[in-house]
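Step one of this worksheet: look at the structure below.
The values are calculated or read from the model by the stated rules, or taken from the named source; none is laboratory data. Everything quoted here is computed from the prediction, not taken from an experiment. We place every Cβ from the backbone using ideal geometry, glycine too, and count neighbours over all the protein chains shown. Accessible surface areas use protein heavy atoms only, side chains included; no ligands, DNA or RNA. Shrake-Rupley method; radii C 1.70, N 1.55, O 1.52, S 1.80 Å.
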Amino acid sequence: MDVTGWLLARARPCAFVVAAVGGTGARLAVERQLRERGWRQAAAPGEADLLVVCGSEDPELADAVERVWAQMPGPRARVRVAGSEGAAALLDSARARLLDVDRQRREAAERDADARARVQRSDGDGEHESPHDDGRSGEDEHDRHGGGENGSPHERSDHSDGHGRDGDDGPDGEDSGHEHHDQSGGREHDHGHHDHGGMSMPGGIPMADRGPDRDGLRLDRLHVSLGPALADWPAGLCLRLILQGDVVQEAKAVVVCGSATPSTFWDVPGPAADLDSAQRLLAVAGWPSAAVAGRRWRDALLTEPDPSEPTRRGVLRWLRRVRRSRVLRWSTGGLGRITGPAPDPLLGDVTDRWSRRLDRVEAAVGTSGMPSRAERDTSAGRAEAAEAAVDLLPSLVTGQELAAVRLIVASLDPDLAALRAHAPGRTHG
């Protein structure tokens, strides 16, 4: 075994998990396997070496997944987990591909060759990208960064490729914003003639559009899509934003991915759905240890319809720990406040919503025991809340910073599988 193989064998995999609508059961199975194996979950593609897609095939999600895959550095492997069954075996197979040194070296060489070919095509068209505008040739730049099996910067961001795509909404995260500029021909025209004196765009890439901000200044406007392939993000939700700095100026919420489903995974009895939403919000809020503990108790409640005394005490202890966090209350207070007509679970600000989820979990595992079916959310109720959340999102996130947007979305956590079961194909904004 050479040094590369020795290092790979001792590296702990880090998985970026993407869920499709209807893939909740698969996601929970994958998260459980990752936790039991001691593998980490990545918050972004750049830190992951394993891509796990949960749920059935979906053309809309596939494009976002390909973009995530392009942003992952080598060595890397990917796997699709369609359902909760077989998750362990599929992760084992992905791990084996990750440890296959010859395969990783071969794929790294192919990526490097593709990157060199793209640079050469750009040189031939006179549209060389800005990363090499310091005067060095594209080939020299690749050599300077090493290429090889660990991949070059082009492999990590795939920047030149992303800018050049046509007809692609790029709903995989923040990095796709410039691609929307590529499509906005009218905006490019106005910008080039009025804001930059008709200067040619570097590499054919349009400069950022401009518009008035809330202080009356004219600032750059960046088009960004959040979702559907983001960590701890509602499956099937895509937020299309126009930003100035990191402040949202306009927003549209779109439901993508997945066909109509007869039911939602969270028709299962018990408070696990509230616990799942709570741990996802904690992950977004930057409290990973509490999020991991929340996943462990969520899985325990799913496997124990009548929680044992150790599980009950553990969940109550976790609830007290989360509630005592002043930092969490400070960081979520006043965000995304809903006061008008809306389903009860959505009312209040982000703090009100996660506090209400914790209250329901405590009521279920405390002395009162599990709620009856009449007391807990029904599928129809979850669909109503999801529809209202998607309708309200554009107004809630407009004027907010990106970090606040993530917290607002996590606090609402719409169950779009329930929405798909009742009203598929809706667009909001």
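Rounded to the nearest 0.05, the FRET efficiency derived from the C-beta distance between THR303 and ASP123 at R0 = 45 Å is 0.15. The alpha carbon radius of gyration of the range 240-358, expressed as a multiple of 2.2 N^0.38 Å, is 1.24. With the simple spin-label model, which puts each label point 7 Å out from Cα in the Cβ direction, the SER395 to THR339 separation comes to 1.2 nm. Tally up the carbon and sulfur contribution to the accessible surface of the range 282-354 as a whole percent, 1.4 Å probe, everything protein left in place. It is 55 percent, rounded to a whole number. Working ranking of peptides 247-256, 392-401 by packing, defined as the average number of other Cβ atoms within 10 Å per residue, highest first, is 247-256, 392-401.
Site pair ARG317 and SER289 shows an inter-label distance of 1.4 nm when each label is modelled 7 Å from Cα along Cα→Cβ. Going by accessible surface with a 1.4 Å probe and the largest first, ARG32, ARG280, ARG10, ARG406 read ARG10, ARG32, ARG406, ARG280. Packing-based ranking of 338-344, 295-301, 116-122, 233-239 yields 233-239, 295-301, 116-122, 338-344, ordered from highest to lowest mean Cβ neighbour count within 10 Å.
Orientation-averaged projection of the range 1-68 equals 5.4 nm² [convex hull of Cα atoms, one quarter of hull surface area]. If a/c stays under 1.5 just call it rounded; otherwise compare a/b with b/c (prolate if a/b is bigger, oblate if not). Do that for the range 14-108, with a ≥ b ≥ c from the square roots of the Cα gyration tensor eigenvalues. The shape class here is oblate.
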